[in-house]
Amino acid sequence: MSAFFNQFSRRKFLLTAGASAGAVLLKGCLGNPPEPGGGNAQTQSAVQPIANLSPEQTPETKKVKLGYIPIVESAPLIIAKEKGFFAKYGMSEVELSKQASWGSARDNVEIGSAGGGIDGGQWQMPMPHLITEGIITKGNQKIPMYVLAQLNTHGNGIAIASKHQGKGVSLQLAGAKSLFSQLKSTNTPFTAAQTFPAVNQDFWIRYWLAAGDIDPDADIKLLTVPAAQTVANMKTGTMDAFSTGDPWPYRIVKDKIGFLAALTAEIWKNHPEEYFAMRADWVDKNPKATKALLKGIMEAQQWLDNFENRKEAAQILGGRNYFNLPAEILEGPYQGQYDMGDGRKIDDKSMAAYYWKDEKGNVSYPYKSHDMWFITESVRWGFLPKDYLTKAKALIDKVNREDIWKEAAKEAGIAAADIPKSTSRGVEEFFDGIKFDPENPEAYLKSLKIKKVSV
């Protein structure tokens, strides 16, 4: 187990973060019961099953409990529920359960739906791998999970408090080094938040800072804050920046309390974002129901990628039962239109969130090469020991069930051209010119100036 997770037990870490964050609220991080159903958890979908299901494709159960966080990554789950795509494939009793935080989601998948928790749902990476390994669970209990699909790409941003406007805090941080140094020297370091340590939204802000020669572990203070609490904490002045999914970064611009330094689409175009993953025991017990869920998600992803549907999607997601905010906060970003709040405006559909296909191919398919980057980045920051570079392939093969995705896609009649032939998307390139070859992760680590691992 890494020194990071040894040093910070779950409870100690959260209490430490809470004490340093002042007004930061960490509701649910120690594991609250999930809030029932994004809204319509107990009701049947309006669209009844219409797929012609053979006995070989009829789910073993109609019921499942899926957790989600109110950010755009959860859209395929919500749309599959609300538009009847789950029900179409026989999963007519899907309950969506809003989670107070990623800590709550982790705690609730540990106990499973039988104990009042969840069977799976939306996850940052590599949470399914860490839960499988028992690295972030109570008592380090190993709870095997399967990664079954990627939910989306893009849809995230680095939000900055208004007081730092005009100080060089942008995608390229060369002009802002003096600001970070000054704040550090006066014992009021630049304070930033992510929504859970050692996963996606932590990695995005760390990569951005390190590319600008700012050490995220030495030059600033990083806190953990639930996504829906980020805007409130920036309003109170308790933090200078945060990294999370839409609608929260764009919300600070609309509320005139901050600006966007960068979109993750600018940091890594067509990057892997969040994933659909389930407890392995649920999948092993219900293989046909698992594929039915995947078919519903795939259909929702295709529906979402029809930009003519995105106004309706924003209305559904913005509803009181889900995100509980004006749909207009989502409508612009869903069309690739961002007012960055500092005079810069983006109007580029290729920068919007995508769910089914992007410029590099299939979004929904869970490439194993992307799992490798998440594990390599975990090693970079000392969250996992270096030997995980040699153990990564075996762990990925155990957790990543892209084979189930392919089976579901074929049963759903997905065109062969939309089903990737390789489990690797190949070499990836970031905004600073750094490249990641999944076949040689150590070379990637060697190319990075700021890291905690010695290579």
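Couple of notes before you dig in:
- FRET efficiency, K391 to V427 (Cβ-Cβ, R0 22 Å, nearest 0.05): 0.50
- Rounded accessible area of S454 (nearest 10 Å², 1.4 Å probe): 90 Å²
- Length released on extending from K63 to D347, taking residue separation times 0.36 nm less the Cα-Cα span: 98.1 nm
- Three-way shape label, the range 310-455, alpha-carbon gyration tensor, a/c 1.5: oblate
- Of all lysines in the structure, the ones whose alpha carbon falls short of 19 Å from that of K138, not counting any fewer than 8 places away in one chain, are K12, K27.
- Electrostatic dipole magnitude of the range 273-393 [Cβ: Lys, Arg +1; Asp, Glu -1; Cα centre; debye, to 20]: 620 debye
- Leading residue at positive end of dipole, the chain (Cβ point charges), from G67, V231, S350: V231
- Cα gyration tensor, the range 72-117 - rounded (a/c under 1.5), prolate or oblate: oblate
- Set of aspartates and glutamates near K184 by C-alpha distance (under 18 Å), chain-local residues within fewer than 8 positions excluded: D213, D215, D217, D219, D240
- Magnitude of the charge dipole for the range 124-260, about its Cα centre and with charges confined to Cβ atoms of Lys, Arg (+1) and Asp, Glu (-1), is about 360 debye.
- Cα shape, the range 61-169, gyration tensor, a/c 1.5 rule: oblate
- Gain on full stretching of the segment that runs from D213 to I434 - 0.36 nm per residue minus C-alpha separation: 78.2 nm
- Value of D in µm² per second that Stokes-Einstein yields for the chain, Kirkwood Rh from Cα pairs, at 25 °C (0.890 mPa s): 112 µm²/s
- Highest average packing first - 386-399, 369-382, Cβ atoms within 10 Å: 369-382, 386-399
- Gain in span if fully extended, T188 to L53, counting 0.36 nm per residue against the direct Cα distance: 42.5 nm
- Placing unit charges on each Cβ (+1 for Lys and Arg, -1 for Asp and Glu) gives the chain a dipole about its Cα centre, and among Q141, S170, A87 the Cα reaching farthest toward its positive end belongs to Q141.
- Charging the Cβ of each Asp and Glu at -1 and of each Lys and Arg at +1, and nothing else, the dipole of the chain about its Cα centre rounds to 880 debye.
- Cross-link pairs K360/K410; K349/K452; K63/K311 - those with Cα-Cα distance over 25 Å: K349/K452; K63/K311
- Pairs of Cα atoms nearer than 8 Å and 6+ residues apart set the relative contact order; for the chain it is 20 percent.
- Within the range 228-249, backbone nitrogen closer than 19 Å to the virtual label 7 Å beyond the Cα of K163 toward Cβ: 230-243
- Two-site FRET efficiency, A232 against A415, from Cβ-Cβ distance with R₀ of 45 Å, rounded to 0.05: 0.50
- Projecting the Cα atoms of A416, V427, L448 onto the charge dipole of the range 355-455 (Cβ charges, centred on the Cα centre) puts L448 farthest toward the positive pole.
- Ordering of 243-256, 111-124 by packing is 243-256, 111-124, highest average first (other Cβ atoms within 10 Å, averaged per residue).
- Carbon + sulfur, % of accessible area of the chain - ligands and nucleic acids excluded, 1.4 Å: 49 percent
- Protein heavy-atom accessible surface, 1.4 Å probe, per residue over the chain: 36 Å².
The values are calculated or read from the model by the stated rules, or taken from the named source; none is laboratory data. Only a predicted model underlies this, so the values are computations on that prediction, with no experimental measurement involved. Here the Cβ is made from the backbone with ideal geometry for all residues, glycine too, and neighbour counts use every protein chain on show. To get the accessible areas, we keep the full protein, side chains included, count just its heavy atoms, and leave off ligands, DNA and RNA. Shrake-Rupley method; radii C 1.70, N 1.55, O 1.52, S 1.80 Å.
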